[in-house]
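The values are calculated or read from the model by the stated rules, or taken from the named source; none is laboratory data. From a predicted model like this one, the values you see are computed outputs, not experimental measurements. Cβ atoms come from the backbone with ideal geometry, glycine included; neighbour counts cover every protein chain shown. These accessible areas exclude ligands, DNA and RNA; they are computed on the full protein's heavy atoms, side chains included. Shrake-Rupley method; radii C 1.70, N 1.55, O 1.52, S 1.80 Å.
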Amino acid sequence: MTHVHLTSLVLSLIFLIIIVVMQNKGKNIRIWHMVLRATYILIIVTGGILFFAAYSIPLSYYLKAILGVVMIGLFEMVIVRKQREKKTDIIWIAFSIVLVILFALGFTLPMGFNLIK
Ligand code: HEM
């Protein structure tokens, strides 16, 4: 299940890059935005399955899940604010910080890959 979780979040990052590039070129992002939103569902469902697969749920799992949902909120904020031509600098900073924390947490928590020990 961690593989599906990883695959869907990598896909969502790729779709986000495609969307931002298209926005910069002034192209219509509607379909890509829909596809991206479908990957959110995959991330949340697989994350939820991993969450409940933990034998006893430690605090770090709650943090991981909450930050995971915040991350998806940041994806949307970046896209929507860019679309409205508002500033996105601060959102990008928050985006990077939360993404790094999520990867660090994801790869240190016991299930799946343990890249950071
Ligand atoms: C875009 C948002 C997200 C990112 C970037 C992200 C990132 C990651 C990464 C890198 C892993 C490690 C995978 C592995 O070890 O194979 C992971 C595992 C996990 N994620 Fe997420 N995640 C996100 C959203 C969520 C959400 C929304 C939830 C909960 C509803 C969630 C819950 C979990 C759980 C429970 C694990 C397993 C932890 C463990 O290895 O023991 N994630 N995530």
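The residues of the range 3-117 present an accessible area of 64 Å² per residue when probed at 1.4 Å with all protein chains retained.
Remark: spin-label model distance Ile66-Met1 equals 2.2 nm, labels positioned 7 Å along the Cα→Cβ axis. The mean sequence separation of alpha-carbon pairs under 8 Å and at least six residues apart, normalised by the residue count of the chain, gives a relative contact order of 25 percent. In the range 40-112, which chymotrypsin sites (Phe, Trp or Tyr not before Pro) fall in coil by DSSP and have 10 or fewer other Cβ atoms within 10 Å? Here the sparse-neighbourhood loop sites are Tyr55.
Per residue, the convex hull spanned by the Cα atoms of the chain amounts to 94 cubic angstrom.
The phi-based Karplus calculation (6.51 cos²θ - 1.76 cosθ + 1.60; θ = phi - 60°) puts the 3J(HN,Hα) values of the range 74-85 at 5, 3, 5, 5, 4, 5, 5, 5, 5, 4, 8, 6 Hz, whole numbers, x for Gly and Pro. Note on the chain: with neighbouring protein chains present and a 1.4 Å probe, carbon and sulfur make up 73 percent of its accessible heavy-atom surface. Note on Asn28 and Ile49: the extension gain reaches 4.2 nm, defined as 0.36 nm multiplied by sequence separation minus the Cα-Cα distance.
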